[in-house]
Structures are given as structure tokens and as C-alpha cells.
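Have a look at the structure below, then the notes.
The values are calculated or read from the model by the stated rules, or taken from the named source; none is laboratory data. Predicted, not measured: the structure shown is a model, and the values here were computed from it. Note: ideal-geometry Cβ built from the backbone for every residue, glycine included; neighbour counts use all protein chains shown. Only protein heavy atoms, including side chains, enter the accessible area calculation; ligands, DNA and RNA are left aside. Shrake-Rupley method; radii C 1.70, N 1.55, O 1.52, S 1.80 Å.
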Amino acid sequence: MKNKICVIFTGGTIGSRTFGDNVELKCEDKSFLLELYAARYGKTVEFDELRPLNILSENVQPSDLEKMADCVRGVNKRNYDGIIITHGTDTLCFTANLFSQIFCDIEIPVVFVSALYPLDDDRSRGVENFANAVEFIKSVDFGGVFVSFENHGENCKIHLASRLIAATEISGDYNSILNVHFGEMVNGSFIYNVNALNPTFEQLKKRRPPCAAQKLCMDMVTIQAHSLLNFDFYRFSEVKPKAVMVQLYHSGTVCTEGKEANFKNFLKYCKNLGIEVVIAPVDSRARTYGSAMGLTDACTTAYDISFEMATTKVLLALGSGKRIEEELKKNNFFEKLY
């Protein structure tokens with residue numbers, strides 16, 4: 001144990017301050033977060049600070065993600081027990097899923113930390129999320145990418161970054177797919193969540209091959225199934241994407257009757273244009289509804305991973321010149337549930 005952690009600051013609410021009714025980014029040479037941490041928890045850990053960018057996460061661009069990734073790549077992993085990345089909550093889910101793939105083979109823990117409120121707001125749990133990330137790093141001897149986040153009224157959860165799903169609307173709570181978090185922090189100690197879906201410590205300690213897909217591409221359209229969705233409005237006469245992702249209902253279904261709302265008609269339209277259509281999420285163990293019969297054969301299907309992870313894999317496949325279907329089959333960092 002080196003008692004030394006590299007902290008990569010990227011902005012977000014955890015790097016912002018309150019100005020009246022507004023929340024704005026704060027540029028600072030000395031970290032307010034580290035000052036608050038030291039005041040509450042002492043100075044038993046040495047921190048090195050890096051600041052590759054300072055943005056609100058909703059504004060993140062591919063070049064920003066590449067800067068963050070390059071920053072992680074440039075850290076001498078032998079000098080640290082782990083890496084903490086501060087990040088905004090709005091796009092935390094995507095970046096966490098992304099980094100779980102491109103750093104699936106990292107030999108030390110990387111933990112994302114966020115806050116729903118600025119650190120000068122009494123409601124903020126940013127310092128607690130950070131402190132729990134520190135204690136988690138100190139307690140494990142395996143690498144990988146994780147998220148430390150405390151929902152209102154709960155203990156701080158540690159999530160596998162590859163299973164983090166989008167935050168709940170308005171409240172901003174974060175959970176893992178199927179509500180199976182990796183563990184939680186109780187009084188500064190990590191408590192592993194014993195669940196058949198979770199990897200064991202022994203599995204996490206095994207060396208993993210690097211992810212072949214490392215570059216992102218934005219040439220994709222995402223459509224979420226909802227009642228009375230009119231697929232006829234999705235026409236690509238001027239700009240044609242390379243892929244379309246359709247988020248199915250929880251039962252793995254989408255409307256396949258009628259005319260405008262019929263997904264099968266839209267599927268034919270896309271195939272005529274040479275656009276690959278991906279459907280997600282699909283549970284390989286579930287029974288198939290009559291309305292969904294034949295869909296998995298007609299589309300590229302993301303089995304047993306979250307929609308957020310499926311999105312990440314498709315964007316990486318497109319950007320790296322890999323076959324989407326093959327990338328969706330891979331299990332780089334325990335993203336597959338079965």
C-alpha cells in the first residue's frame with residue numbers, strides 16, 4: 001500500500017460553486033474537494049492532482065473524452081494505489097461505461113466520483129463519495145473501473161462501471177442494472193454484495209485482455225420505444241447514420257403493428273439504406289412475446305447488457321472499424337449479466 005492516489009479533475013457539479021440560483025464551474029489551482037476531505041478525514045493519503053479539462057459533463061465532446069482517456073493512460077500506475085476521476089452526473093453513466101471498456105485491463109482501481117449538488121451546498125455528498133472512493137481503493141487489490149455514489153437515504157454504493165445505468169429522472173439516483181451493485185461502504189469499510197451476478201474477487205484479480213475498440217464515432221441515431229412512436233419521422237434523406245439503436249421496452253418488445261408505429265416497416269427502410277439496426281436490451285433467458293418474434297434474427301441484438309453499455313459498444317465499434325455484432329458479444333469487464 002503506497003497511500004497515494006492520483007485524482008483527475010474534469011469539472012462537473014462536484015467542481016462547481018453556487019452563485020445565487022445558478023451553478024457555475026469554478027476554476028481553481030487548489031482543490032476545494034481535497035481541502036474539505038482533509039478537514040474531515042485527515043491527511044493520511046497523499047494526492048497528486050491532474051486537470052485535463054474543466055467542463056460541465058452535458059457539454060462533453062469526443063475530444064474531451066479522449067483527453068480524459070489520455071490522462072489516465074499517462075499516469076504511471078506503479079506509483080499509485082488507484083485513480084479517482086471527478087465527473088459531472090449528467091453523463092457520468094456514459095463515461096463510466098466507456099472507460100470500463102477502454103481500460104478493462106487496467107491493473108489498479110479507477111473510481112468515478114460525482115455530486116448532485118456543488119460542494120458548498122449542504123445537500124452535497126461529493127466529499128462523502130470521494131472519501132468512500134478512497135477507502136474502497138485502499139481496501140482492494142485488483143484493478144478495474146468503478147463508481148462511488150451515494151443515493152439519498154442510502155449507504156454509498158460501489159458499482160461496476162460497466163453496469164451503471166442512467167440516473168433516475170429528476171432525483172438523479174444512480175443504480176446498477178437489475179439493482180445489483182458491486183458493494184457498499186459502511187462506516188468506511190467496503191462490504192461486498194454477495195450475488196450470483198457479481199464477479200468474485202478472484203475473477204477480478206485475473207488479467208484481462210485489452211479492449212480492441214478504443215475510438216468513438218458519433219454516426220449513430222438512438223430511438224427509445226414509447227407509446228405511439230411514429231417511425232415515419234425518422235428519415236435519413238440528407239444525413240445517413242451508420243447505425244440506429246432502438247431501446248426496447250423492458251420486456252424486449254416494440255410496436256410491430258399498424259403503419260407509422262410499426263418497427264418492422266422502419267427496419268426494412270433502414271436495411272434498404274444499408275443502415276445497421278441494433279436493438280437492446282434483450283434478456284437471453286426470457287420468453288419471447290409474439291410481437292417480438294423474429295426481431296432478434298432481423299436485427300443486430302445486444303444480449304444481457306444494459307442499453308447504456310450497448311450504446312457504448314456500438315459507438316466504439318463504429319469508431320474503431322470493428323463489427324458491431326462481434327463487439328456486443330464480448331465481455332470485457334463483467335458487463336454481461338450471464
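Take the residues in the range 293-318 that are open to solvent by 10 Å² or more (accessible area, probe 1.4 Å) and of a type in the set (A, V, I, L, M), then tell me which one is farthest from the chain's Cα centre (by Cα).
Going residue by residue through the range 293-318, those that are open to solvent by 10 Å² or more (accessible area, probe 1.4 Å) are 293-294, 296-301, 303-304, 307-308, 311, 315, 318.
Checking the rest, the ones that are also of a type in the set (A, V, I, L, M) come to 293, 298, 315, 318.
Values: 293: 30, 298: 28, 315: 13, 318: 18 Å.
Looking at residues that are open to solvent by 10 Å² or more (accessible area, probe 1.4 Å) and of a type in the set (A, V, I, L, M), I get 293.
Which of the following residues is at positive phi and surrounded by fewer than 20 Cβ atoms within 10 Å (Cβ to Cβ): 252, 321, 290? Selected residue: 321, the only one of 252, 321, 290 that is at positive phi and surrounded by fewer than 20 Cβ atoms within 10 Å (Cβ to Cβ). A single member of 130, 142, 103 is surrounded by 14 or more Cβ atoms within 10 Å (Cβ to Cβ) and closer than 29 Å to residue 39 by Cβ, and it is 130.
When the test is whether a residue is open to solvent by 40 Å² or more (accessible area, probe 1.4 Å), of a type outside the set (A, V, I, L, M, F, W, C), assigned to a loop (DSSP other than H, G, I, E, B) and modelled with pLDDT under 95, residue 24 does not pass it. If you go through the range 247-275 and keep only what is touching a Cys at 6+ places or on another chain (Cβ under 8 Å) and either touching a residue at least 60 places away in the same chain (Cβ under 8 Å) or closer than 30 Å to residue 164 by Cβ (or both), you end up with 263, 267. Residue 81 passes every criterion in (1) charged (D, E, K, R); (2) within 19 Å of residue 119 (Cβ to Cβ); (3) touching a residue at least 40 places away in the same chain (Cβ under 8 Å) apart from (2). Of all the numbered requirements in (1) among the small types (Gly, Ala, Ser); (2) surrounded by fewer than 21 Cβ atoms within 10 Å (Cβ to Cβ); (3) touching a Cys at 6+ places or on another chain (Cβ under 8 Å), residue 148 misses one, and that requirement is (2).
If you check 97, 79, which single one turns out to be in contact with a strand residue (DSSP E or B) (Cβ under 7 Å, 6 or more places away or on another chain), closer than 26 Å to residue 193 by Cα and at pLDDT 95 or above? Exactly one residue qualifies, and that residue is 97. Residues that are part of a loop (DSSP other than H, G, I, E, B) and closer than 15 Å to residue 41 by Cβ were ranked within the range 117-160; the one that is modelled with the highest pLDDT is 125. If the condition is being free of Cβ contacts under 8 Å to residues at least 40 places away in the same chain and among the acidic types (Asp, Glu), then the range 216-243 contributes 232, 238. The conditions are (1) of a type in the set (D, E, K, R); (2) within 24 Å of residue 108 (Cα to Cα); (3) at pLDDT 95 or above, and residue 90 fails exactly one of them. Which is it? For residue 90, the failing item is (2).
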